[in-house]
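S.K.: So that we are looking at the same thing, I have put the structure below in structure tokens.
The values are calculated or read from the model by the stated rules, or taken from the named source; none is laboratory data. Everything numeric here is computed off the predicted structure, so don't read it as measured data. Note that each Cβ is placed from the backbone with ideal geometry, even for glycine, and that neighbours are counted across all protein chains shown. Please note that ligands, DNA and RNA were not included when accessible areas were found on the heavy atoms of the full protein model with its side chains. Shrake-Rupley method; radii C 1.70, N 1.55, O 1.52, S 1.80 Å.
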Amino acid sequence: MDARGGIGGSLTGLDLKAEIDRLRKERNAVILAHYYQKPEIQDLADFVGDSLELSRKAAETDADVIAFCGVRFMAETAKILSPQKTVILPDMDAGCSLEDSCPPDKFKAFREQHPDHIALTYINCSAEVKALSDIIVTSSSAEKILSQIPADQKIIFGPDKHLGGYLARKFGREMLLWPGVCIVHEAFSETELLKLKAQYPGAPVAAHPECPPHVLDHADMVGSTSAILEFAKTTEHDVVIVATEPHIIHQMEKAVPHKTFIGAPGADGNCNCNICPYMALNTMEKLYIALRDLEPRIKLDENVRLAAKTSLDRMLAMASGTVGMGDLGARPTGD
């Protein structure tokens, strides 16, 4: 198989970074990388950040192609906001356990069973579920949005029961929680975390609200991926325990190399089970092929796209000061 074949072909001899840079220019493409991507992908991206802020940044560019190194729902969000652009995902199998937990037909039926509830839905869901929702939230905007919803308004929150439970406890709000979880954050072990805290006394724990309550109970800071990164950069502590997908630590070490960042362990005492298997599907080889072939690409039904955009627009209107923050900006020329 020649270089135009699949990954099993003769791609080994290619300078993938040089070829990706060449195709980036030829295709007039912008490359986006989520914080949970491998370091080599983060380092060649035009923007590194959280999912929504990346989609918004891409929409502001004059790029014809968006190469989204993340998972499928993130690439769909980019297409929702940039329908005129070609959006490619290096591996279409890069899904999300939260998205998988919430099939559109079941979510629609659940909504119909509770017609007096509005659907406040985490962005980690399919375009179809976004289209069935009233307001989308991110982990950084959820609190601001929830604070604007009248106390007597009944709410369905999905698909992440841990984020929904965290918000319910913090605001004293009862919400119907969809029973989805992130398999990465679900894997953190309270026992192993306590051992780590004992090993590094005084080191703060920064945790994502997708973590279960028994992990959040030991956190000194709870926030979005971007907020955790900002905390790592600004805290006076030289050692920080990080309870989210460990590839974020790459950006922390680049920003403040004199500090030490330790990934919270899983039940086996290490971080291997906390690497997102979906994010890991994206590779340099697959990114090269996607830019070369402009496949696989995201395609959305226009009615679904418009309905999903309505729920996203409501979020942006309610939480304009808390979304689209924290990205790392454009990559330096010649990097």
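S.K.: Sort through LEU81, LEU120, LEU54 and tell me the only one that's touching a Leu at 6+ places or on another chain (Cβ under 8 Å) and over 19 Å from CYS182 (Cβ atoms).
M.R.: Exactly one of LEU81, LEU120, LEU54 is touching a Leu at 6+ places or on another chain (Cβ under 8 Å) and over 19 Å from CYS182 (Cβ atoms), namely LEU81.
S.K.: Test THR234 against the stated conditions and say whether it is touching a strand residue (DSSP E or B) at 6+ places or on another chain (Cβ under 6 Å), open to solvent by 20 Å² or more (accessible area, probe 1.4 Å) and within 21 Å of TYR35 (Cα to Cα).
M.R.: Answer is no for this residue.
S.K.: Listed residues VAL215, VAL184, VAL222; which is at pLDDT 95 or above and open to solvent by less than 40 Å² (accessible area, probe 1.4 Å)?
M.R.: Only one candidate passes the filter, namely VAL215.
S.K.: Quick check on region 78-128: of everything there that is free of Cβ contacts under 8 Å to residues at least 60 places away in the same chain and of a type in the set (Lys, Arg), which residue is surrounded by the fewest Cβ atoms within 10 Å (Cβ to Cβ)?
M.R.: LYS106
S.K.: Mind listing whichever residues of region 95-109 are touching a strand residue (DSSP E or B) at 6+ places or on another chain (Cβ under 7 Å) and of a type in the set (A, V, I, L, M)?
M.R.: The answer is LEU98, and nothing else.
S.K.: Among residues belonging to region 298-335 that are modelled with pLDDT of 95 or more and among the acidic types (Asp, Glu), point out the one that is surrounded by the fewest Cβ atoms within 10 Å (Cβ to Cβ).
M.R.: GLU302
S.K.: Next up: What's the number of the only condition in (1) over 26 Å from ALA317 (Cα atoms); (2) open to solvent by 40 Å² or more (accessible area, probe 1.4 Å) that LEU177 fails to meet?
M.R.: That leaves (1) as the condition not met.
S.K.: From the list ILE156, ILE145, ILE149, pick out the single residue that is open to solvent by less than 10 Å² (accessible area, probe 1.4 Å) and free of Cβ contacts under 8 Å to residues at least 60 places away in the same chain.
M.R.: Of the residues listed, the single one that is open to solvent by less than 10 Å² (accessible area, probe 1.4 Å) and free of Cβ contacts under 8 Å to residues at least 60 places away in the same chain is ILE156.
S.K.: Consider PHE171 against the criteria (1) hydrophobic (A, V, I, L, M, F, W, C); (2) out of contact with any Leu (no Cβ under 9 Å at 6 or more places or on another chain); (3) surrounded by fewer than 18 Cβ atoms within 10 Å (Cβ to Cβ): it satisfies all of them except one. Which criterion is unmet?
M.R.: Going through (1) hydrophobic (A, V, I, L, M, F, W, C); (2) out of contact with any Leu (no Cβ under 9 Å at 6 or more places or on another chain); (3) surrounded by fewer than 18 Cβ atoms within 10 Å (Cβ to Cβ) one by one, PHE171 breaks only (2).
S.K.: Right, here's the next one. Does region 159-168 hold any residues that are buried (at least 19 other Cβ atoms within 10 Å of the Cβ) and more than 23 Å from GLU128 (Cβ to Cβ), and which are they? Quick ask: steps written out before the conclusion?
M.R.: Let us first name the residues in region 159-168 that are buried (at least 19 other Cβ atoms within 10 Å of the Cβ), namely 159-164, 166-167.
Across region 159-168, the qualifying residues are TYR166, LEU167.
S.K.: Consider only pairs whose beta carbons are under 6 Å apart and that are at least six residues apart or on different chains; among these, list those whose first residue lies in region 301-316 and is closer than 12 Å to THR77 by Cα and whose second residue is open to solvent by 60 Å² or more (accessible area, probe 1.4 Å).
M.R.: VAL304/GLU128
S.K.: Taking region 120-135, which residues are of a type in the set (Val, Ile, Thr) and part of a helix (DSSP H, G or I)? Working first, answer last.
M.R.: Of the residues in region 120-135, the ones of a type in the set (Val, Ile, Thr) are 121, 123, 129, 135.
Within region 120-135, just VAL129 meets the criteria.
S.K.: Considering only residues of region 285-297 that are assigned to a helix (DSSP H, G or I) and in contact (Cβ under 8 Å) with a residue 60 or more places away in the chain, which is surrounded by the most Cβ atoms within 10 Å (Cβ to Cβ)?
M.R.: LEU287
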